[in-house]
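Data first, discussion second: the structure below is written as structure tokens.
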Amino acid sequence: MDILDHYYQIIAPILKEYARLPYAHGHLERKLAIGEDRKNYVLLTVGEVNGKRVHGCIVHLEIVGDKVWIHEDGLEDGIADDLVRAGIPKHQIVLGFHPPEVRRYTEFAVG
């Protein structure tokens, strides 16, 4: 199995579970978009709250080489630990939302 298939089998179910969670207020829903090449995964919030349009990125993951880059992580507890529990080693996860000089102080890959 190639790395993209391996990551897809781990990442897609995790994000699909998050996408199913309902919002407690407003007319909001989560939308999951997975790139055709399975290199990008985006979880969005879309809808309306108090008459105002809402559209924002909750999570954006990208497969770059053999690593999973977390570009955006708006989940309460973060997605990195979910990925580790599901079998992706920390040395293959980059917390891309941190600047490079900060990443070296985390338990995860620098880049």
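The values are calculated or read from the model by the stated rules, or taken from the named source; none is laboratory data. Owing to the predicted nature of the structure, the values given are computational and were not obtained by experimental measurement. Virtual Cβ from ideal backbone geometry, glycine too; neighbours counted across all protein chains shown.
For H55, are the conditions met, namely being touching a His at 6+ places or on another chain (Cβ under 7 Å) and not hydrophobic (A, V, I, L, M, F, W, C)? Lay out the reasoning, then the answer.
Numbers: touching a His at 6+ places or on another chain (Cβ under 7 Å): no; not hydrophobic (A, V, I, L, M, F, W, C): yes.
So H55 fails the test.
Return the only residue of I63, I10, I14, I34 being touching a strand residue (DSSP E or B) at 6+ places or on another chain (Cβ under 7 Å) and either of a type in the set (V, I, T) or under 18 Å from I88 (Cβ atoms) (or both). First the steps, then the outcome.
Details: I63 fails: touching a strand residue (DSSP E or B) at 6+ places or on another chain (Cβ under 7 Å); I10 fails: touching a strand residue (DSSP E or B) at 6+ places or on another chain (Cβ under 7 Å); I14 fails: touching a strand residue (DSSP E or B) at 6+ places or on another chain (Cβ under 7 Å).
The match here is I34.
Residue-by-condition table, conditions (1) under 17 Å from T106 (Cβ atoms); (2) more than 13 Å from the chain's Cα centre (by Cα); (3) of a type in the set (K, R); (4) modelled with pLDDT under 95:
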{"site": "V49", "(1), (2), (3), (4)": "no, yes, no, yes"}
{"site": "V54", "(1), (2), (3), (4)": "no, yes, no, no"}
{"site": "I58", "(1), (2), (3), (4)": "no, no, no, no"}
{"site": "I63", "(1), (2), (3), (4)": "no, no, no, no"}
{"site": "E76", "(1), (2), (3), (4)": "no, no, no, yes"}
{"site": "I79", "(1), (2), (3), (4)": "yes, no, no, no"}
{"site": "G87", "(1), (2), (3), (4)": "no, yes, no, no"}
{"site": "Q92", "(1), (2), (3), (4)": "yes, yes, no, no"}
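Looking at segment 33-56, is at least one residue of a type in the set (K, R) and in contact with a helix residue (DSSP H, G or I) (Cβ under 6 Å, 6 or more places away or on another chain)?
At the first step, the residues of segment 33-56 found to be of a type in the set (K, R) are 38-39, 52-53.
Those left that are additionally in contact with a helix residue (DSSP H, G or I) (Cβ under 6 Å, 6 or more places away or on another chain): 38.
Checked segment 33-56: at least one residue is of a type in the set (K, R) and in contact with a helix residue (DSSP H, G or I) (Cβ under 6 Å, 6 or more places away or on another chain).
Could you tell me which residue of segment 29-65 is farthest from F97 (Cα to Cα), considering only residues that are touching a residue at least 24 places away in the same chain (Cβ under 8 Å) and outside any strand (DSSP E or B)?
Residue satisfying both the conditions and the ranking: N50.
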